[in-house]
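Written out below as structure tokens is the structure these notes cover.
The values are calculated or read from the model by the stated rules, or taken from the named source; none is laboratory data. Given the structure is predicted, the values throughout are model-derived calculations rather than measurements. For neighbour counting, all protein chains shown are included, and Cβ atoms are generated from backbone atoms with ideal geometry for every residue, glycine included. Keep in mind that these areas ignore ligands, DNA and RNA; they rest on the heavy atoms of the full protein, side chains included. Shrake-Rupley method; radii C 1.70, N 1.55, O 1.52, S 1.80 Å.
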Amino acid sequence: MSSVVNPTSSGPTSSGLERDARRIHDDKPLSPGSIAIGVVIGRMSEFFDFFVYGLGSILVFPKLIFPFAPSPVAATLMSFAIFPLAFIARPVGSLVFMWIDRHYGRGTKLTIALVILGGSTASIAFLPGFETIGYWAVALLALFRLGQGFALGGAWDGLASLLNLNAPPNHRGWYAMIPQLGAPIGFALASIIFYYFVVNLSEDDFLSWGWRYPFFVAFAINVVALFARLRIVASKEFGAAMEAQELKARPVFEMLSKHALDVVLGAFVPLASFALFHLVTIFPLSWVILNGGQSAARFLLVQVAGAAVGVIGIIVSGVIADRIGRRTELMIGAMLIAIFSFSAPFLLDAGGAGQDAYILIGFAVLGLTFGQASGAVSSRFTQYYRYTGAALTSDLAWLVGAAFAPLVALGLATSFGIVFIGGYLISGAICTLVALSLTRAPDQN
């Protein structure tokens with residue numbers, strides 16, 4: 001049995017155990033398909049946690065945590081003000097967990113991160129309302145939301161890069177889209193669970209106890225995802241990539257000394273896609289609840305259908321990227337978002353049929369653009385710094401592009417008119433096009 005003490009650390013590390021596990025499984029290599037399944041499960045669990053919170057911030061928290069607000073719109077805006085905290089905490093989590101990774105091993109890092117992620121999400125299920133503990137309810141909700149983001153920063157496992165390393169040169173777009181499938185799957189699962197409780201419970205029962213169950217489910221899903229990830233971390237393929245210095249965690253400031261410009265530009269490349277991300281998932285449900293057009297339950301089902309369209313769009317993005325190049329595909333996607341932005345506000349304000357069209361068209365466009373967003377971020381960096389660079393760039397991209405989208409969109413729509421969310425989307429598309437024009441083609445990295 002090899003030692004489990006890292007020479008750079010004074011404490012126990014999982015690195016030795018991971019090497020032993022790789023030797024045990026040396027005659028059982030993982031296929032790219034097995035790696036893909038593990039990656040999708042891991043991403044699905046992360047997005048499920050975040051979407052359970054996102055749906056709760058519309059269906060539950062305005063009434064349970066912010067009943068003191070002067071109006072339903074104000075309560076929802078207050079709820080959305082807590083939403084970005086996870087994205088603010090995420091880069092901090094990346095810094096802390098990169099250190100844990102270097103000193104205690106990838107398995108230790110992932111275990112701690114996913115326990116905190118699942119624990120933070122599950123803790124929200126026990127949260128008393130404002131009427132019980134007053135403003136402490138707001139403080140605890142903010143704390144648990146920060147915990148989600150901090151843990152997500154540590155959940156960056158490098159498995160998407162491992163998948164890319166195993167991709168044939170002419171199929172990199174196809175392999176880049178696979179991790180992105182976790183987003184619509186996680187959203188659909190969260191929406192279906194909430195739909196079940198919204199339909200089958202009275203409003204009082206739902207607000208009393210029914211809404212808590214999706215947050216419990218999140219912890220169980222994280223346990224499954226943890227074992228799926230650890231199985232890949234203990235694989236021969238992952239060990240080979242680590243020994244080749246391709247998936248090692250590097251000091252963040254050392255990476256920035258080499259790739260600061262790549263981090264900045266990489267954060268803006270997926271901006272259009274990330275801005276649209278929460279404008280077809282979180283924001284429209286809040287708009288429907290506040291302004292009508294159809295019931296919340298029915299709209300949740302429409303969003304599930306939209307997620308299915310999004311899955312198809314992501315898959316198609318892989319095919320297109322392999323034919324015309326990822327950079328070209330991303331530029332076309334940004335232009336599609338700009339075109340969609342002109343019709344989006346009018347569809348969302350045109351009753352049930354218009355709202356359905358907004359979701360289905362929006363998810364189709366999102367799938368085509370979001371499908372290559374991950375590959376665009378990771379391809380900016382040399383292999384030596386790719387793991388750390390891609391993690392920090394992804395953190396900043398989500399913070400700039402998606403964190404404040406529900407709050408900004410609802411604030412603009414209620415204060416100045418829904419047409420202004422079109423301007424918000426156009427600004428994201430312009431940022432993406434400018435960033436792409438200033439960078440070398442991702443496919444050439």
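Values computed for the structure shown
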item: Failed item in (1) farther than 20 Å from F283 by Cβ; (2) open to solvent by less than 20 Å² (accessible area, probe 1.4 Å); (3) in a helix (DSSP H, G or I), with G422 passing the rest; result: (1)
item: Verdict on T121 being closer than 14 Å to G56 by Cα and either part of a helix (DSSP H, G or I) or touching a Gly at 6+ places or on another chain (Cβ under 7 Å) (or both); result: yes
item: Check on V52, in a helix (DSSP H, G or I), closer than 19 Å to A188 by Cα and either of a type in the set (V, I, T) or at pLDDT 95 or above (or both); result: yes
item: Criterion (surrounded by fewer than 23 Cβ atoms within 10 Å (Cβ to Cβ) and farther than 18 Å from L396 by Cβ) met by exactly one of A89, A167; result: A167
item: Test: residue in region 127-138 that is open to solvent by less than 10 Å² (accessible area, probe 1.4 Å) and part of a helix (DSSP H, G or I); result: yes
item: Residue in region 318-334 that is touching a residue at least 24 places away in the same chain (Cβ under 8 Å), touching a helix residue (DSSP H, G or I) at 6+ places or on another chain (Cβ under 8 Å), surrounded by 19 or more Cβ atoms within 10 Å (Cβ to Cβ) and within 21 Å of F420 (Cα to Cα) present; result: yes
item: Evaluation of F299 against (1) open to solvent by less than 50 Å² (accessible area, probe 1.4 Å); (2) modelled with pLDDT of 95 or more; (3) within 21 Å of the chain's Cα centre (by Cα) (one fails), failing number; result: (3)
item: Qualifying residues in region 60-81 (those that are open to solvent by less than 20 Å² (accessible area, probe 1.4 Å) and in contact (Cβ under 8 Å) with a residue 24 or more places away in the chain) - the one farthest from S202 (Cα to Cα); result: F80
item: Identity of the residue in region 335-359, open to solvent by less than 20 Å² (accessible area, probe 1.4 Å) and among the hydroxyl-bearing types (S, T, Y), that ends up nearest to L290 (Cα to Cα); result: Y358
item: Any hit, region 94-105, residues being buried (at least 18 other Cβ atoms within 10 Å of the Cβ) and over 26 Å from V252 (Cβ atoms); result: no
item: Residue check for F253: surrounded by fewer than 24 Cβ atoms within 10 Å (Cβ to Cβ), farther than 30 Å from E203 by Cβ and among the aromatic types (F, W, Y); result: yes
item: Members of region 181-237 that are without any contact (Cβ under 8 Å) to a residue 40 or more places away in the chain and not in a helix (DSSP H, G or I); result: L201, S202, W209
item: Criterion: modelled with pLDDT of 95 or more and assigned to a helix (DSSP H, G or I) - qualifying residue of V400, V309; result: V309
item: Residues being surrounded by fewer than 24 Cβ atoms within 10 Å (Cβ to Cβ) and modelled with pLDDT of 75 or more - total across region 145-164; result: 2
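Residue-by-condition table, conditions (1) at pLDDT below 90; (2) buried (at least 19 other Cβ atoms within 10 Å of the Cβ):
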site: I361; (1), (2): no, no
site: Q372; (1), (2): yes, yes
site: T388; (1), (2): yes, yes
site: C431; (1), (2): no, yes
